[in-house]
Structure formats: C-alpha cells, structure tokens
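*Asks:* Input: one structure, supplied below.
The values are calculated or read from the model by the stated rules, or taken from the named source; none is laboratory data. Every value quoted in this text rests on a predicted model; they were computed, and no experiment measured them. Positions of Cβ are generated from backbone atoms using ideal geometry, with glycine treated the same way; all protein chains shown enter the neighbour counts. The area values use the complete protein model at the heavy-atom level, side chains included, leaving out ligands, DNA and RNA. Shrake-Rupley method; radii C 1.70, N 1.55, O 1.52, S 1.80 Å.
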Amino acid sequence: MLSQNQLEEILIKEKVLSQNELDLNLKESVKENLGLEEYLKLKKLASEDEIYKAAAKHFNVPFVELKNLNIRKDILFLIPEPLAQTHKIIAFDKDEKVLKIAALDPQDLEIFEFLRKKTDLSIMIHLTTPENIKEVLKQYHKGLKAEFKDLTKEDSQKTNAKTGEKLKELAQDLPVIRIVDTLLEYAIFENASDIHIEPLEKEVNVRYRIDGLLKNVMTLPKSVHAGVIARIKILSRLKLDEHRLPQDGRFKVVNPEYKVSFRVSIVPTFDGEKAVLRLLNEKSQLLTLEQLGLQSKAFEIIKRNIAKPHGMILVTGPTGSGKTTTLYTILNILNQPEVNICTIEDPIEYRMINVNQSQVNPKIGFTFASGLRAFLRQDPDIIMVGEIRDNETAEIAIHAAMTGHLVLSTLHTNDAVTTLPRLSDMGVPSFLLGTTTNVIIAQRLVRKICTECIESYSLDKEAVKQLEKQVDIEKIMHKLEKEKIIIPGKQTIGNMLFYRGKGCRRCNNEGYKGRIGIYEVLEMTENIIGLILKNAPEDKLREAASEQGMLSIIDDGFIKAKNGITTLEEVLRVTKE
C-alpha cells in the first residue's frame, strides 16, 4: 500500500538502504518487472517487518504485530469485511473512547473519518504489515462460520418446510442482521447504485453496481440465504411466506450522515429467491445544467427550449443512462412559485419541494396514461411523464403539449433521431410530431478518469487499426476540427493525446471515479420539421441534423476522451450497438 515515492523516501530517511543501494535495486527491480517492495523482500535485502517498522517511524505512528493477538469478535466486526478487505484495515482493540486500528496506509483519512463517525470513537492508527492484515482477514471467515453454525446445522427437511414464523426468527438472528446491515452500509459507502443478492447452487453471490458496472463484493454460505432474504422482506414489508411470485417493496435507512431509500425487487429463480436493491440517495444534491457535462452548443439549445411555454422535451437512452437525472435537473430549473408542476413516475426517485409527484400503480389501474389524463384536469403548466411506453400515453402527451403545456418525458431509443420513427410507430401523426416536439436529448453515462492517477498516451498503429474497424474515424475527425477541438489538417488520430487512469488507492485501482453524460441534442428546426412531414428516412434526418451542427453521442464521447474526462474504451463500451 506504500507508493514507490513514499517507499524510496522511507528507505533512505530511516537508513534501511543507502542512496547507492537504492538506485541499484531500483534498476534491478525494473529489469525483473517487479515493484521495489516486492523485489527487496524476494532478494531478502529488507524484510517486510523492517520496511513497515521504518514506515511507522517515518509517519510517527506505533507499529503493531497482529499475528499473535487474540482479537475480540465484537471489535473485529466493527469494520465490515468488505471495507477491511478493500482498505486493508483491522480494528484490533478498543476502550470507551478510543478504537485502535491497524492499517497499511496511515494517510487514508477518508476511511478513518468514516469509522470515527460510524463508531463515535476516536481513532488511533497503528501501522502493520500486509502479511499481518492477510492473517487477520481469515478470522472474519472463521467468525462468520462459527456464527452460522446453528443455521448450517438445520437439517434439509426443516429448511424446506420453513414457515413464516421460522423465517421471522431467522431474519432476527444476529449474524443475519449483521450481514444485511454490512451489505447496506458498505453499498452506501461505495456509492453503489444497486445491490444484487444472487443464490447459486452451493453459495450466495453478492454484487454491487458501481459507476455502472457490476462488481463481486462477497460470497456467503447458502445456509444464510433464507435468513438474508427474510430480513430484506421484513424491512420492505413483504410477504415472508411467498416464494413463488415476484414481490416489490421499499424501505429507508436514515442517519445523520445519509438518507437512502432502497427499492427492493425479489424474484424467484431456480436456486432460490434473488433480491435486487436499488439505492436512491435522498440527500444527494440535484445537478445544475452546467454539471451535466453538455457541450456549449447543446447547452444553449436546451436552455432555449426549456424556456418555451409549451411543447415536448424528450430524453432517450437505455436503462441506467441517467435520463431521470437529466429530467429532474430540468425540472429543478423550471420549479418556480408561479408554475404548477405535476409528475407521474415509476417510481418517484427524488423528492422535490413544490412539485406534485405521483407514482403509478398498475395493480389498481393507475397507469402513465390514466395519471396523465387526470393531471390535465389539475391546471398544470408543466407535466413530467416518467416514460412514454404505449400509444395511449404518447397520444395524451402530444395533445397536452399542443394545448399549452410543457411536457417532459423519456423513451427507450438508441439515439435522438430514432425517437421520431419510434413515436410514429406508436401512432403519432408526423404533422403533430414536428409541431409539438421542441428538443430530443439522447444520452449515455461514461466513467470519468480518476484525477489522482491520470496519465496521457498515444494510440499505436495496431490500436488505430482496431479503432477504424469500430467507428468512422474520418467523420469524427472532421467533427473535432469543426468544433475546434483539434487543429485542421495538422492532427491525426495517431498523434493525438488521449488519457487513462493508472489506478490508485482513491479509485480502488480501477482508474475511474464517478460518471458523466455524453449527449446528442436534436433541436426541431424548420428543416428537420419539413423532413418529418415528408416522412423522410432516418439517414436523411441524421444527415440534416449533422449539417445543422448536432454532435452525435460518439462525437461528444471523443471530445470528452480528447479533453481527458473519460477514456476511448469507455466511449466505445457505451456506444456500441
């Protein structure tokens, strides 16, 4: 966990090696393609204990040997296992005021502050060795196994015949409560958007979606599956003894640090019930239009069109592409005392003051269409419809936009241009489409490069060849020149600088931290409306949109890759069809 620069400084300052010895070993470690710490240990030039004792002296913190310590379970489990694994930290002792922690990096201040708030104790940091941490991490599994013993002992007959009462008991079992609390707490800490609890034949897999990608975080014994699902059902007020039908629910976790709603979906699968929990942070601040990451022209188009008193603003893209965030950002700008805003959503993801928000409930016939029809009798100025899914909703939304309302909604299409034929397929006449739609925004989310470990590089010949197979480089370069991102005639894709993250502690060695949108913004100009009225094919509409200066999603992605915001790999990952 010590960086190369830190290690070099420590070895010299604490006189573990002379400057000449360090230079020589550095050269040798590079030749053997090893890190300096690994090389010194391998060649027995400095032991792990020597290195980390010197580091403790350097950082002016005590050194602790954990191997022979008998750590109490209640103290060890103050730090959830995933957190201990990721940050290489161990809680090994405490009293009424102080929690003693062994770490490999005494400068990981964010995690220490999190633990201070969580435990309400002062944190005393000690340095230890990677081997010590590795050994103590095994105790988590021993502890869990011991606590799960009673659950595992249950014979299969009993397990198969679990009644509601039996499940209730299981859900209130301490280890089960601790597992679920750990899963929820760690997901909040890691800024995960979803938790997947997936039963397999012999174990239970837990994965988090972080920055749009699923990552394995832990594997649990199959014996705890029933208890964990029962605990989630109790929190969500779902039926404990229903195992054959899907169920949906929600619950909230509130403390001074965060207020998070969990939307729960439980579905029966071959190996048992699978639970997916969507996290909605109610304390998260709404973004401004500037923070969404729009290029200047696209930004001006959206600003101009949301100021219109009526018409439709459509946001399109696949599930999880940030459409709802964009809609709420626009709503936040429009949310003024002199207007009446009504929304019909599935589900309500953010609560907004002075906005009348309703959630659909198909079980009782409250759909987007019926909700929208009802809201039109509520004297609205602005209406947001969560999604246009069918002909009826599309028809009512179009008529609302025609009769003096501003309508915001989403659709599932790949880009802005294909939204028009999609609405035509839903039975919306072409002449209404052109006259009622103000602007269509298509979007995707890309991961941002970690600012702590960003580095530049150029594409080699092989990489350029591969890129040419996937995208029309000539067209993209022409757009970059037009947008003055590159100097016309002087730059080629081969001599351009791109960026990536090397991977560091801050980003868990991923090279990415956070996400941003890439966009395609199609404004309804006279030219585009004329083509819609003539039922022009998609390629003609796309050509006309490009001529009037519209950047495609991939163009916007390349601009952000060129500017060091994201990587080429990310842009290609989210734009490939």
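*Asks:* How big is D, in µm² s⁻¹, for the stretch 185-250 by Stokes-Einstein at 37 °C and 0.692 mPa s if Rh is the Kirkwood radius over C-alpha pairs?
*Replies:* 253 µm²/s
*Asks:* L245 versus L289, label points 7 Å from Cα toward the beta carbon: distance in nm?
*Replies:* In this crude label model, L245 to L289 measures out at 4.6 nm.
*Asks:* Could you run the Karplus curve 6.51 cos²θ - 1.76 cosθ + 1.60 with θ = phi - 60° over the stretch 526-536 and give me ³J(HN,Hα) per residue in whole Hz, x for Gly and Pro?
*Replies:* So the Karplus estimates, Gly and Pro as x, are 4, 4, 5, 4, x, 5, 5, 5, 8, 6, 4 Hz.
*Asks:* Taking C-beta distances below 4.7 angstrom as the pairing criterion, name the unpartnered cysteines of the chain, in sequence order.
*Replies:* C342
*Asks:* Oh, and also: Using only C-alpha atoms and all pairs of different ones, pull out the Kirkwood radius for the stretch 340-392 in Å with one decimal.
*Replies:* 11.3 Å
*Asks:* Please state the charge dipole magnitude for the stretch 267-315, taken about the Cα centre, from unit charges on C-beta atoms (+1 on K and R, -1 on D and E), reported in debye and rounded to the nearest 20.
*Replies:* For the stretch 267-315, the charge dipole is close to 320 debye.
*Asks:* State, as an integer percentage, the relative contact order of the chain based on alpha-carbon contacts under 8 Å between residues 6 or more apart.
*Replies:* About 9 percent, as a whole number.
*Asks:* Could you list, in their original order, any pairs among K15/K41; K469/K490; K465/K502 whose Cα atoms are separated by more than 20 Å?
*Replies:* K469/K490; K465/K502
*Asks:* Considering Cα pairs under 8 angstrom that are at least six residues apart, work out the relative contact order of the stretch 418-577 and quote it in whole percent.
*Replies:* For the stretch 418-577, the relative contact order is 35 percent.
*Asks:* Test of the criteria: in the stretch 80-134, which GluC sites (Glu not before Pro) are in a DSSP loop and have at most 16 other Cβ atoms within 10 angstrom of their Cβ?
*Replies:* Counting only loop positions with at most 16 other Cβ atoms within 10 Å, the GluC sites (Glu not before Pro) in the stretch 80-134 are E96.
*Asks:* Taking the chain as the reference, fit the longest principal axis to its C-alpha atoms, fit the long axis of helix 473-482 to the helix C-alpha atoms, and give the angle between the two in degrees, 0 to 90, nearest 10.
*Replies:* The two axes meet at around 80 degrees.
*Asks:* Still on this model: Hey, how many Å between the Cα centroid of the stretch 79-113 and the Cα centroid of the stretch 220-234?
*Replies:* With the stretch 79-113 and the stretch 220-234 each reduced to a Cα centre, they are spaced 28 Å.
*Asks:* Just to be sure I understand: if I project the alpha-carbon convex hull of the stretch 449-510 onto a plane and average over all orientations, what area do I get in nm²?
*Replies:* 5.0 nm²
*Asks:* Between helix 130-153 and the chain, what is the angle of the helix's C-alpha long axis to the longest principal axis, kept within 0 to 90° and rounded to the nearest 10?
*Replies:* 70 degrees
*Asks:* Probe 1.4 Å, all protein chains in place: accessible area of T325 in Å², nearest 10?
*Replies:* Probe radius 1.4 Å; accessible area of T325 about 40 Å².
*Asks:* Relative to the first principal axis of the alpha-carbon coordinates of the chain, what is the inclination of helix 109-119, with its axis defined by its Cα atoms, in degrees from 0 to 90 and to the nearest 10?
*Replies:* Tilt of helix 109-119: around 90 degrees.
*Asks:* How much of S3 can a 1.4 Å solvent probe reach, expressed as accessible area in Å² and rounded to 10?
*Replies:* 50 Å²
*Asks:* Here's a follow-up. Counting alpha carbon pairs within less than 8 Å and at least 6 residues apart, what relative contact order, in whole percent, applies to the stretch 449-505?
*Replies:* With pairs under 8 Å counted, the relative contact order is 67 percent.
*Asks:* If the reach is capped at under 16 angstrom between alpha carbons, list the lysines near K297, excluding any in the same chain fewer than eight residues apart.
*Replies:* Correct list for K297: K479, K482, K484, K560.
*Asks:* Bins of 5 Å, beginning at zero and ending with the bin holding the largest distance: percent of Cα pairs per bin for the stretch 257-378, please.
*Replies:* Pairs per bin, as whole percents: 2, 8, 14, 20, 20, 15, 10, 5, 3, 1, 0.
*Asks:* Summing -39500 (n - 2.57) over the DSSP H runs of n ≥ 4 in the chain and dividing by its residue number, what mean residue ellipticity at 222 nm do you reach, to the nearest 500 deg cm²/dmol?
*Replies:* It comes out at -12500 deg cm²/dmol, rounded to the nearest 500.
*Asks:* Can you work out the base-10 log of I(q)/I(0) for the chain at q = 0.07, 0.10 1/Å, using the Debye formula on its C-alpha atoms alone?
*Replies:* So the normalised log intensities are -0.56, -1.05.
*Asks:* Out of the stretch 175-275, which GluC sites (Glu not before Pro) are coil in DSSP terms and have no more than 10 other C-beta atoms within 10 Å?
*Replies:* E201
*Asks:* What is the Cα radius of gyration of the stretch 425-532 over 2.2 N^0.38 Å, N being its residue count?
*Replies:* That ratio works out to 1.50.
*Asks:* Further question: Residue by residue, what Karplus-based ³J(HN,Hα) values in Hz, rounded to whole numbers, does the stretch 431-437 have, using 6.51, -1.76 and 1.60 with θ = phi - 60° and x for Gly and Pro?
*Replies:* 5, 6, 4, x, 7, 9, 7
*Asks:* Another question about this same structure. Ignoring ligands, DNA and RNA, how do C342, C504 rank by accessible area with a 1.4 Å probe, largest first?
*Replies:* C504, C342
*Asks:* Using θ = phi - 60° and the Karplus relation 6.51 cos²θ - 1.76 cosθ + 1.60, list the HN-Hα couplings for the stretch 509-515 in order, rounded to whole Hz, with x at every Gly or Pro.
*Replies:* 6, 8, x, 10, 8, x, 9
*Asks:* Additional query: Could you work out the per residue convex hull volume over the alpha carbons of the stretch 21-76, in cubic angstrom?
*Replies:* Cα convex hull per residue, to the nearest whole number: 116 Å³.
*Asks:* Could you please state, rounded to a whole Å, how far the C-alpha centre of the stretch 402-434 is from the C-alpha centre of the stretch 505-577?
*Replies:* Here the two parts' Cα centres lie 19 Å apart.
*Asks:* Whenever you get a sec, line up V417, V61 from highest to lowest accessible area (probe 1.4 Å, protein heavy atoms).
*Replies:* Largest to smallest exposure gives the sequence V61, V417.
*Asks:* Take the solvent-accessible surface of the protein heavy atoms, probe 1.4 Å, and return the percent of it on the chain that carbon and sulfur atoms account for.
*Replies:* It is 49 percent, rounded to a whole number.
*Asks:* Provide, as a two-decimal number, the C-alpha radius of gyration of the stretch 305-375 over 2.2 N^0.38 Å, N being how many residues it has.
*Replies:* Ratio of Cα Rg to 2.2 N^0.38 Å: 1.16.
*Asks:* Using alpha carbon coordinates only, what is the Rg to Rh ratio of the stretch 500-546, with Rh defined as the Kirkwood radius?
*Replies:* So for the stretch 500-546, dividing Rg by the Kirkwood Rh gives 1.43.
*Asks:* Also: Under a 1.4 Å probe, what is the accessible area of the chain per residue, stated in Å²?
*Replies:* For the chain, the per-residue accessible area is 51 Å².
*Asks:* Express in whole angstrom the spacing between the alpha-carbon centres of the stretch 187-205 and the stretch 314-343.
*Replies:* Computed from Cα coordinates, the inter-centre distance equals 30 Å.
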